[in-house]
Amino acid sequence: MIQAAYDLLIGPFVEFEFMRRALIGSFALTLGAAPIGVFLLLRRMSLVGDAMAHAILPGAAIGYLVAGLSLGAMTVGGLVAGCLVAVLAGVVTRNTLLREDASLASFYIISLALGVTLVSLKGSNIDLLHVLFGSVLALDDNTLLLLASISTLTLFVVAFIYRPLVLECVDPGFLRSVSGAGAAIHLVFLCLVVINLIGGFHAMGTLLAVGMLMLPAIAARFWCSGVATMIGVSLLIGMASSVIGLVLSYHAGLATGPTIILAAGAIYIVSLLIGPHGGLIRQFAPQRHLEA
Amino acid sequence: MSYALRFRDLTLGYDRHPAIHHLSGEISQGDLLAVCGPNGAGKSTLLKGIVGALKPLSGAIERVNCAPRDIAYLPQAADIDRSFPIRVYDLVSMGLLREVGLFGRIGRDLRVRIEHAIEAVGLAGFEDRPIGTLSGGQMQRMLFARLLLQDASVILLDEPFTAIDDKTTTDLLDLIARWHAEKRTVIAVLHDFDVVRRHFPKTLLLAREKVAWEATAVALNGDNLLRARRMVEAFDTAAHECERAA
C-alpha cells in the first residue's frame, strides 16, 4: 500500500531529474502567479491575462527570429512587447473615451497578428510547438533561474504596493482624490502580469500561460474571503495542481503543461461545487438560518 | 474674514456646454454651506470642480492653503466595489492615507484613532464585517468614518443623506455640526430644505447659475425657489459662443 503510494507520487520525482526540475519550476511559477491572479480576479480583469498573453507573442517572435530558440532573447522581446501594449492601452484609456477593455483588446489583437506573421516568417513546426505549449519537462538551469527570479521579484513588488493596489481595486475614485499614484500602480501591476505570463510562457506556452495565473485564484474565491487568505489558498491550489498534473502526465503519458492546467481546472470545478463561499451546493442546499 | 475657496467668474461644464455659468463668490473658512437646486443645476459639477476633477471652461477656483488633495470629498455615488473582500476597519483606515502615505506604517496611536472614528459613526462591532454585508445607511456611516480620519479642513458632501433613514441622518448631521464647531469648512449638496433650514446657516441656490447665495432663510424664499425651478435643463446644441464679459 505504502509502496504503491510511493511509486505513484514520490517515485517519479526521485527517479528523474527532469521531473524534479518540472516540479520546482511549477512551484516557482505558482508562487508569483498566486498574488497576481488574485488581484486580476478582484479587479475583474480575469480576461486581461489572456489578452496580455497574446500581446507578448510578437516580442517573443522577434527574439526568436534574431537569436533562435534563445531564452534571453525571447524573454526580453516578450517583456518589451507586453509592457508596450500595457502602456499604450493605459495611455489611450486615460486620454480618450475608450474603456480599458476596448483599448487593450485593440492593441493585443494587433500585437497577436504581428506575432503570428513574424513566427510564420521562419516557421519550423517544432519551435512553434514550444511557443504554443511550452516545455515544462525540459527546464534548464537558466529557465529555472528565470522562473525563480520572476516569482521573487513579484512577491517583493506586490508586498511593496499592496496597500495602493487594494485601494485601486476597492475605491479608485478615492485613491485618485488623495494621491496621484493610481496610474503608476496600475502600470506596475500590469508589468507584473507581463513578467509572470512570460514565466508561464516558457513552462506552459502562450496558450496556457494564463491558466496558472487565473484558475487557482478563481478556485480560491470559493474557499475564503479576504485578500491575503485568498492568495495563500490560491498558492496551495497551484502547488497541488502542479504535483497532480506532473504525476498524472508521467503515468498516463499525457502532455505535461496542459495536464497541470487540467488538474487546476478539476480543483476549480470541485471548489465551484463544494466551496463554502458561494459554492453551488451551499446555494441549492441552504443550511437553516441562525437566531440573530 | 479669510476665505477658503473663491470662485472668480467660474464656468464649469462638459463639451464646452456650461453646467454652471459665470459663478463668482467666496466661501469663508469655517463656513457651513448648503448647495441646493433642481436636478441638473450643476451642484455635483461644482464639487467636482472644487476637488479638481473637472477643469474650468473659464474663470478660476482659488483654494487658500489647500491643494485639491487636501479636500475631503464624498461623491454622490462613490465608485466602491462592494464585492471586494475588505473589512470595514481596513476601508475606514484608508482615510489616513494622506497622513501616512501609500507605504507608511499604521502604528498604535493611529489604530486608536481608527477605532474612535468607527465608534463615532456608531459602527462599533462592525470592524471585521466585509463591506459587502453593510446596508446603504451603514455604508454611508462607514464613509463618514473615513472622512473623520481624513482630518481635512475642507469637506465636500454630495447628497450624503439620499436614501438614508432619519436616525442615521440625525447622527451624521451631528458629525457635521462637530466639524463646523471645529472651524472646518463644510459644503454639502442637499435636497431636503427642512434639513438645510435647520442645520445650515448659509445656502447657495444654483440653477446652472447663481440664483441666491446668502443666509439660508433668504436664499430659500419663495421667489428664489420659483426662479430656480424655471431653469432650462437641456443644453442648447446650437448654442453660440458665450460673449458675456469675463
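The values are calculated or read from the model by the stated rules, or taken from the named source; none is laboratory data. These numbers were taken from a predicted model, which means no experiment stands behind them. Every residue, glycine as well, gets a Cβ built from its backbone with ideal geometry; the counts of neighbours run over all protein chains shown. Please note that ligands, DNA and RNA were not included when accessible areas were found on the heavy atoms of the full protein model with its side chains. Shrake-Rupley method; radii C 1.70, N 1.55, O 1.52, S 1.80 Å.
Listed by position, the helices (runs of 4 or more DSSP H) contained in the range A:144-254 that have at least 1 residues being open to solvent by 40 Å² or more (accessible area, probe 1.4 Å) and modelled with pLDDT of 90 or more are A:182-204, A:209-220, A:227-252.
For the range A:66-111, the candidate set comprises residues that are surrounded by fewer than 17 Cβ atoms within 10 Å (Cβ to Cβ) and under 24 Å from A:Leu145 (Cβ atoms); within that set, the residue that is modelled with the lowest pLDDT is A:Leu69.
Scanning the range A:166-205 for residues that are among the aromatic types (Phe, Trp, Tyr) and facing chain B (nearest Cβ under 10 Å) yields a single hit, A:Phe174.
Would the range B:55-65 turn up any residue that is in a strand (DSSP E or B) and surrounded by fewer than 15 Cβ atoms within 10 Å (Cβ to Cβ)? Step through it out loud before you land on a result.
Applying the first criterion (in a strand (DSSP E or B)) to the range B:55-65 yields B:58-63.
Next, only the ones that are surrounded by fewer than 15 Cβ atoms within 10 Å (Cβ to Cβ) stay: B:60, B:62.
Scanning the range B:55-65 turns up at least one residue that is in a strand (DSSP E or B) and surrounded by fewer than 15 Cβ atoms within 10 Å (Cβ to Cβ).
Out of (1) out of contact with any Ser or Thr (no Cβ under 7 Å at 6 or more places or on another chain); (2) touching a residue at least 24 places away in the same chain (Cβ under 8 Å); (3) within 14 Å of chain A (Cβ to nearest Cβ); (4) open to solvent by less than 40 Å² (accessible area, probe 1.4 Å), what's the single condition that is false for B:Val154? Of (1) out of contact with any Ser or Thr (no Cβ under 7 Å at 6 or more places or on another chain); (2) touching a residue at least 24 places away in the same chain (Cβ under 8 Å); (3) within 14 Å of chain A (Cβ to nearest Cβ); (4) open to solvent by less than 40 Å² (accessible area, probe 1.4 Å), only one is false for B:Val154: (1). Only one entry in B:Phe7, B:Phe84 is touching a Leu at 6+ places or on another chain (Cβ under 8 Å), modelled with pLDDT of 90 or more, open to solvent by less than 50 Å² (accessible area, probe 1.4 Å) and among the aromatic types (Phe, Trp, Tyr), namely B:Phe7.
Does the range B:91-106 include one or more residues that are closer than 20 Å to B:Trp179 by Cβ, facing chain A (nearest Cβ under 8 Å) and open to solvent by 40 Å² or more (accessible area, probe 1.4 Å)? Yes, there is a match, as at least one residue in the range B:91-106 is closer than 20 Å to B:Trp179 by Cβ, facing chain A (nearest Cβ under 8 Å) and open to solvent by 40 Å² or more (accessible area, probe 1.4 Å).
Can you find a residue that is more than 12 Å from chain A (Cβ to nearest Cβ) and under 16 Å from B:Ile187 (Cβ atoms) anywhere in the range B:118-140?
So in the range B:118-140, the residues more than 12 Å from chain A (Cβ to nearest Cβ) come out as B:118-127, B:134-138, B:140.
Those still in the list that are under 16 Å from B:Ile187 (Cβ atoms) too: none.
Checked the range B:118-140: no residue is more than 12 Å from chain A (Cβ to nearest Cβ) and under 16 Å from B:Ile187 (Cβ atoms).
Against the criterion of being away from chain B (no Cβ under 14 Å) and either in contact with a Lys or Arg (Cβ under 6 Å, 6 or more places away or on another chain) or closer than 26 Å to A:Ala81 by Cβ (or both), A:Met239 does not qualify.
All conditions but one from (1) within 25 Å of B:Pro56 (Cβ to Cβ); (2) open to solvent by 50 Å² or more (accessible area, probe 1.4 Å); (3) in contact with a helix residue (DSSP H, G or I) (Cβ under 7 Å, 6 or more places away or on another chain) apply to B:Glu241; the one that does not is (3). Which one is farthest from B:Lys43 (Cα to Cα) among residues in the range B:168-178 that are in contact (Cβ under 8 Å) with a residue 12 or more places away in the chain and open to solvent by 30 Å² or more (accessible area, probe 1.4 Å)? Among them, the one singled out is B:Asp171. Screening B:Ala77, B:Ala72 for residues that are within 16 Å of the chain's Cα centre (by Cα) and facing chain A (nearest Cβ under 9 Å) leaves exactly one candidate, B:Ala72. The set of residues from the range B:44-67 being without any contact (Cβ under 8 Å) to a residue 24 or more places away in the chain and either of a type in the set (Gly, Ala, Ser) or not assigned by TED's automatic domain parsing to the domain that holds B:Gln29 (or both) comprises B:Gly52, B:Ala53, B:Ala67. A single entry from B:Phe144, B:Phe161, B:Phe126 fulfils the requirement of being surrounded by 17 or more Cβ atoms within 10 Å (Cβ to Cβ) and in a helix (DSSP H, G or I): B:Phe144.
Here are the criteria: (1) more than 21 Å from A:Val136 (Cα to Cα); (2) open to solvent by 10 Å² or more (accessible area, probe 1.4 Å). Tell me which single one A:Pro35 does not satisfy. All conditions are met except number (2). Residues of the range B:51-69 that are within 11 Å of another protein chain (Cβ to nearest Cβ) and within 16 Å of B:Pro18 (Cα to Cα): B:Ala53 alone. Is it fair to say B:Ala181 is without any contact (Cβ under 8 Å) to a residue 12 or more places away in the chain, more than 14 Å from every other protein chain (Cβ to nearest Cβ) and open to solvent by less than 80 Å² (accessible area, probe 1.4 Å)? Here the answer is yes, as B:Ala181 does meet what is asked. Here B:Leu204 meets the list (1) within 14 Å of chain A (Cβ to nearest Cβ); (2) within 23 Å of B:Ile27 (Cβ to Cβ); (3) open to solvent by less than 10 Å² (accessible area, probe 1.4 Å) almost entirely, failing just condition (1).
Just to be sure, is B:Thr170 at pLDDT 90 or above, within 24 Å of B:Asp192 (Cβ to Cβ) and either over 18 Å from the mean Cα position of the chain (by Cα) or polar (S, T, N, Q) (or both)? Before the answer, list the steps.
Values: at pLDDT 90 or above: yes; within 24 Å of B:Asp192 (Cβ to Cβ): yes; either over 18 Å from the mean Cα position of the chain (by Cα) or polar (S, T, N, Q) (or both): yes.
Taking the combined requirement at face value, the residue satisfies it.
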